[in-house]
Amino acid sequence: MKNIFRVARWEFVSRIKSRSFLFNTFISPFLFTAVITLPLFIFNLQPQITTKLIGLIDLSGQNIKEELQRELNRNYRLDNRSSEYLVMNVAVNNSSSYNRMASKFEEIKSRLDSVSLVYDQIKEQRMEYYKNTRIPNRDYVLRTSYEKLQNTREEKELIEIELSRFKTALDSLYKREAQRMADSLLYTDVLNAYLIFLPDFAKTGIVEYHTKTPGDLREVERFEKILQTIIIKKRILNDQIPRSKLQRWFRPIYLKKYQLLQEGQQEWNFYVQFYGPLIGVFLLFMAIFTAGGYVFSSVLLEKSNRVIEVLLSYVTSSQLMGGKILGLGFLGLVQIFSWFAITGILLSTGIIPADKISYLTMQNALYFLIYFSLGFLFYGAIFVTIGSVSASEYDAQQINQLLRTIAIFPVLLSLLVLANPNAPLIRLLSFIPFLTPSFMIMRIPLSIEPITFDIYGTILLMIVSIGFMIIISGRIFRMSTLMVGKKLTPQEIWTWIKIK
Amino acid sequence: MSENILEVRNVSKSFKEQVVLKNLSFTVKSGETFGLLGPNGAGKTTTMRMIMNILQPDEGEILFQGQPRQRLKGVHFGYLPEERGLYPRARVLDVLVYFGTLNDLAPRKAEVEAIRYLDRLGIIEYTDTRINELSKGIQQKIQFIAAFLHDPDVLILDEPFTGLDPINQSVLQEILEEFKKKNKVLILSTHMMDQAEKMCDHICLINQAQVVIDGSVSNIRKRFREDAYYLEADAPIPFISSLKGIQILEEGKNNYKFVLEEGSVSLAEILKQVEQKTKIRKFEVFEPSLHDIFIRLIQEQTEVKS
Ligand SMILES: Nc1ncnc2c1ncn2[C@@H]1O[C@H](COP(=O)(O)OP(=O)(O)OP(=O)(O)O)[C@@H](O)[C@H]1O
Ligand SMILES: [Mg+2]
């Protein structure tokens with residue numbers, strides 16, 4: 001019995017000072033946290049860096065610019081309180097074809113103006129003729145002036161038709177030219193995006209949004225929200241409702257999120273809820289596979305350099321295996337307590353806001369220890385088996401990799417767990433011993449109702465599977481340790497499992 | 001001083017269909033060096049592993065002091081396995097103390113003993129070196145120390161001399177002599193017959209799963225003595241073969257191995273005749289070496305079988 005502790009001590013002491021242990025304990029967790037929260041920082045920081053320029057092609061003639069700018073300013077500001085978006089009209093005055101057409105348009109318009117002027121004069125004159133009955137040749141004058149009025153009106157109508165035709169052409173040219181301009185500005189990253197308002201946008205509710213990154217959902221969502229406000233406001237104004245009321249109606253809405261918890265309500269924070277358990281799973285995984293990996297490499301090393309023969313002549317194979325699992329399991333506990341200590345320090349210095357993270361409790365720490373121990377014993381026994389049956393280190397590493405992949409698989413489903421920690425599928429998967437520790441460590445903090453049944457159930461199941469695994473691995477370990485460089489057939493392994 | 005006795009009784013061992021040992025029996029007494037000899041694959045290592053309780057015999061039993069081996073603690077035994085290896089990253093003293101404590105030595109005592117032996121083998125300067133920074137031979141010496149650090153009653157060395165230079169071989173021999181004097185059982189296996197001849201008092205030759213010969217070295221020698229003589233001269237002496245009553249067994253350039261036919265010619269006569277022709281460089285009664293006996297026995301056995 002004493003020899004178990006001697007072996008355990010040896011394994012513990014020779015690993016605790018190793019570089020890989022120190023790395024996995026003190027550096028990896030920070031690296032991991034940094035890596036997974038990095039997108040978060042980029043996401044939050046990047047848009048804050050500069051004001052974004054938004055181009056505007058306004059074909060509605062309703063002076064959208066002011067209104068758009070006002071709404072954007074009201075909703076989105078940078079940290080320094082200056083506005084995050086700046087709206088600018090896309091100018092086309094350096095397009096010669098547009099300028100030519102525009103001057104022609106002006107010319108027609110001035111022609112129309114002068115004709116209208118003449119028309120109005122004639123009308124005025126005729127009014128006088130009517131009123132003043134004492135004019136000589138009044139009938140004649142009225143008739144001739146009527147003809148003149150008819151002619152002028154005809155001319156005016158013709159010019160009007162021409163003008164409206166021209167206006168349509170000019171608008172479409174403006175749209176084309178402005179869009180060309182805006183595209184080049186977009187291309188050279190001067191503009192972040194540009195918007196096109198067609199004349200009937202208020203009626204159709206359609207606004208074009210041009211950008212290089214239509215997948216940037218955050219931006220798209222913001223503009224949808226702003227435009228919704230603007231368009232609805234326009235529609236309401238068209239229905240003659242006073243502005244003062246509108247102000248009140250359109251005050252922005254903010255959704256404050258709360259989650260129902262056991263110990264009263266608490267504000268729900270996506271990052272805390274999502275990243276916390278994710279880091280938890282990572283740490284658990286790290287602990288199990290650091291210590292389990294050592295069990296594995298220790299068996300492999302003693303087998304490949306034949307120290308195993310000396311050891312087995314002094315201690316029994318179960319003492320050797322027990323010692324390894326004991327010593328390295330203890331190493332894992334040391335690792336976990338280092339993390340608890342670090343967490344404690346971060347909490348007490350306020351780097352981690354304790355009041356916002358409801359799941360940092362003693363009870364959950366205990367669950368963490370329990371699931372570590374179970375996971376370690378389970379995977380440790382498997383590692384002993386693999387270490388002792390594999391003919392080469394290469395084969396063994398291959399299987400090791402596979403096991404890691406299986407164990408980390410629950411992380412891929414972390415969003416599902418977040419959405420519903422007690423979904424039937426998740427519950428079912430939690431009862432697979434390979435996945436139990438990872439799933440339970442995510443579910444316990446996330447579940448709103450207590451999952452006592454699942455906790456006791458999985459613990460019980462794990463204990464049974466560990467017992468089973470240890471019996472099998474003990475037999476295989478004893479039989480296989482003296483085999484060297486021989487590939488074992490599954491039949492051979494099977495016969496070992498069966499005998500005594 | 002009471003005698004320690006290790007008995008191997010009717011032990012058989014097979015790996016799957018291959019019979020490695022069949023009905024193997026021998027007895028080793030303390031105070032003698034027991035040599036387990038045999039060609040490659042004879043089952044020497046397998047026998048040692050069974051004595052060390054690493055493998056279990058299929059049949060038969062192994063007794064130490066009349067007690068079955070399985071019931072005894074490992075403490076009484078020290079073992080140098082055939083395949084050498086240690087923890088490459090660990091430091092010399094740490095490894096020795098570890099093995100010492102596994103055999104119930106107090107850590108402090110293990111440390112003292114380890115340093116004593118390191119000094120004795122002239123490698124005290126490597127006390128705190130990592131194993132993988134040492135040469136093969138030095139690593140082997142450290143394994144020796146690990147084998148007898150806890151002063152076992154039975155010391156089993158599987159091919160201890162391979163890989164050691166002559167100086168270290170004699171240092172090791174010295175230590176083993178000392179060990180033997182302490183009334184302990186010492187078993188070693190080797191391929192080097194001259195080593196076995198020098199070291200062993202008692203040998204057991206196994207081949208094809210069975211004991212071919214078992215006994216003290218001097219008895220075996222006596223058994224294989226052929227009353228032959230060995231003569232070496234300065235120049236060739238071809239006339240010797242024409243002499244009456246002489247039978248040449250082997251002929252070299254200037255040397256001859258021969259036997260005399262009963263009562264035909266006297267030894268003095270022959271020597272006189274040779275001396276007239278040339279100078280005698282060496283003359284002796286021929287003693288067969290273990291090497292020769294080994295080869296002869298193995299060859300005979302193989303012939304019989306086939
Ligand atoms: N674990 C094992 N499984 C199967 N066969 C084995 C095993 N160990 C040894 N053998 C076989 O048993 C026979 C005896 O092996 P052993 O190692 O005892 O020989 P040895 O006398 O020590 O040979 P050498 O002089 O080469 O060291 C060999 O044929 C070997 O192939
Ligand atoms: Mg051998």
> Looking only at residues in region B:160-197 that are at pLDDT 90 or above and within 16 Å of ligand 2 (Cβ to nearest atom), which one is farthest from the chain's Cα centre (by Cα)?
Replying inline: B:187
> Inside region A:295-320, can you point out the residues that are at the interface with chain B (Cβ under 9 Å from one of its Cβ atoms), more than 14 Å from residue B:54 (Cα to Cα) and hydrophobic (A, V, I, L, M, F, W, C)?
Replying inline: A:301
>> Yes or no: region B:222-241 includes at least one residue that is part of a helix (DSSP H, G or I), closer than 25 Å to residue B:294 by Cβ and not hydrophobic (A, V, I, L, M, F, W, C).
In response: yes
> Of all residues in region B:31-45, which are assigned to a loop (DSSP other than H, G, I, E, B), surrounded by 15 or more Cβ atoms within 10 Å (Cβ to Cβ) and either at pLDDT 90 or above or near ligand 1 (Cβ under 6 Å from one of its atoms) (or both)?
Replying inline: B:38, B:42, B:43
> Is there a residue in region A:449-465 that is surrounded by fewer than 17 Cβ atoms within 10 Å (Cβ to Cβ) and either touching a helix residue (DSSP H, G or I) at 6+ places or on another chain (Cβ under 6 Å) or in a loop (DSSP other than H, G, I, E, B) (or both)?
Replying inline: yes
> Quick one: would you say residue B:99 is more than 16 Å from ligand 2 (Cβ to nearest atom) and either in contact with a strand residue (DSSP E or B) (Cβ under 6 Å, 6 or more places away or on another chain) or at the interface with another protein chain (Cβ under 10 Å from one of its Cβ atoms) (or both)?
Replying inline: yes
>> Going residue by residue through region A:215-232, is there one that turns out to be at pLDDT 75 or above, more than 21 Å from residue A:87 (Cβ to Cβ) and open to solvent by less than 90 Å² (accessible area, probe 1.4 Å)?
In response: yes
>> With the structure loaded, tell me whether residue A:296 is assigned to a helix (DSSP H, G or I), in the same structural domain as residue A:25 (by TED's automatic domain parsing) and either open to solvent by 20 Å² or more (accessible area, probe 1.4 Å) or modelled with pLDDT under 85 (or both) or whether it fails that test.
In response: no
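Results for (1) in contact with a Lys or Arg (Cβ under 8 Å, 6 or more places away or on another chain); (2) of a type outside the set (S, T, N, Q); (3) in contact (Cβ under 8 Å) with a residue 40 or more places away in the chain; (4) within 16 Å of ligand 1 (Cβ to nearest atom), shown as yes or no for each residue.
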{"residue": "B:142", "(1), (2), (3), (4)": "no, yes, yes, no"}
{"residue": "B:158", "(1), (2), (3), (4)": "yes, yes, yes, yes"}
{"residue": "B:165", "(1), (2), (3), (4)": "no, yes, no, no"}
{"residue": "B:173", "(1), (2), (3), (4)": "yes, no, no, no"}
{"residue": "B:192", "(1), (2), (3), (4)": "no, yes, no, yes"}
> Quick one: how many residues across region A:147-168 are open to solvent by 40 Å² or more (accessible area, probe 1.4 Å) and under 30 Å from residue A:210 (Cα atoms)?
Replying inline: 4
> Among the residues of region B:1-56 satisfying the criterion of being charged (D, E, K, R) and within 15 Å of ligand 2 (Cβ to nearest atom), which is farthest from the other protein chains (Cβ to nearest Cβ)?
Replying inline: B:44
> For region A:370-437, which fully contained helices (runs of 4 or more DSSP H) count at least 1 residues that are within 25 Å of residue A:297 (Cα to Cα)?
Replying inline: A:393-412
> Being open to solvent by less than 30 Å² (accessible area, probe 1.4 Å) and either polar (S, T, N, Q) or within 16 Å of ligand 1 (Cβ to nearest atom) (or both), is that true of even one residue in region B:68-77?
Replying inline: no
>> Among the residues that make up region B:248-270, is at least one of them assigned by TED's automatic domain parsing to the domain that holds residue B:27 and open to solvent by 80 Å² or more (accessible area, probe 1.4 Å)?
In response: no
> Of the residues that sit in region B:9-21 and are more than 8 Å from ligand 1 (Cβ to nearest atom) and over 15 Å from residue B:55 (Cα atoms), which one is surrounded by the fewest Cβ atoms within 10 Å (Cβ to Cβ)?
Replying inline: B:17
>> With the requirement that a residue be assigned to a helix (DSSP H, G or I), under 15 Å from residue A:59 (Cβ atoms) and open to solvent by 60 Å² or more (accessible area, probe 1.4 Å), what does region A:181-201 give you?
In response: A:181
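The values are calculated or read from the model by the stated rules, or taken from the named source; none is laboratory data. Computed from a predicted structure; not experimentally measured. Note: ideal-geometry Cβ built from the backbone for every residue, glycine included; neighbour counts use all protein chains shown. Keep in mind that these areas ignore ligands, DNA and RNA; they rest on the heavy atoms of the full protein, side chains included. Shrake-Rupley method; radii C 1.70, N 1.55, O 1.52, S 1.80 Å.
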